[in-house]
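Let me begin by presenting the structure, written as structure tokens, before commenting on it.
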Amino acid sequence: MINLLPPIVKQNRIYGRRNAMLFGYSLALLATALITAGIMIVSIKFVSSEEPNLKTSLSEDQVTIQSLEKKVKEIESISNQLDVAKKINDESVSFSELIPKIGALLPDGVVLNALTLEGGSKDPLQLDVDMIDAGLGPVLIRNLVESDLFEAADISSLSPLGTSDANSGGYQFTASITASFTGTAEAAKKAAAAAAAKKAAAQAQTNNTQGSNQ
């Protein structure tokens, strides 16, 4: 079949078909845009309606978290207090056990008036005693050092009581003695000093012997 339509008519038909296709695409695009807009509007309304509930839930969760943090801090504080109490108890010295042991180290003519312990077993012990004779001081020091309880002891002060025999019960002197428990840093320091002095004396004796031989 021969198409005898004029060229202008043919061209108009071609453009008409194309316009119809473009119109269809435009309608499809418009429908897609309307659907997308509808979904967005519904989503916004849903989020807007749920926003107060979300804020309330977040606020409640925040309050719960703060409450838990407070309880955790309280538990940590109690735990620290228990640790400190345990440490103090482990390092403390029982006076009920200490006094009889010290009493057994006192020579005849010495009486214990008081003892003072500022800290735990790592701190020196202060002994206040009365003696009938000043010569009993070195004896007491030797008894303390030779015991298993103390490693070092020194007489901090020694003075006459200055009272009559009737009032003093025969005790003529009062003394304050500082004793270091076994294993303390002070005792270790004194032991090291004593060892160094002994080593120096031995070296001096060796030097003197060599000098005499020459």
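Working only within region 52-62, note down all residues that are modelled with pLDDT of 75 or more and surrounded by 10 or more Cβ atoms within 10 Å (Cβ to Cβ).
Those that are modelled with pLDDT of 75 or more and surrounded by 10 or more Cβ atoms within 10 Å (Cβ to Cβ): 55, 56, 57, 58, 59, 60, 61, 62.
Residue-wise test of (1) part of a helix (DSSP H, G or I); (2) at pLDDT 80 or above.
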position: 30; (1), (2): yes, yes
position: 49; (1), (2): yes, no
position: 68; (1), (2): yes, yes
position: 85; (1), (2): yes, no
position: 99; (1), (2): yes, yes
position: 102; (1), (2): yes, yes
position: 111; (1), (2): no, yes
position: 115; (1), (2): no, yes
position: 123; (1), (2): no, no
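To keep it simple, each residue is scored yes or no on (1) under 60 Å from the mean Cα position of the chain (by Cα); (2) at pLDDT 80 or above; (3) surrounded by fewer than 10 Cβ atoms within 10 Å (Cβ to Cβ); (4) polar (S, T, N, Q).
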position	(1), (2), (3), (4)
11	no, no, no, yes
33	no, yes, no, no
41	yes, yes, no, no
64	yes, yes, no, yes
72	yes, yes, no, no
80	yes, no, no, yes
95	yes, no, no, no
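Please give the number of the condition residue 138 fails out of (1) at pLDDT below 90; (2) within 29 Å of residue 195 (Cα to Cα).
(1)
The values are calculated or read from the model by the stated rules, or taken from the named source; none is laboratory data. The structure presented is a predicted model; accordingly, all values stated were derived computationally and were not measured. FYI the Cβ positions are ideal-geometry reconstructions off the backbone, even for glycines, and counts take in every protein chain you see.
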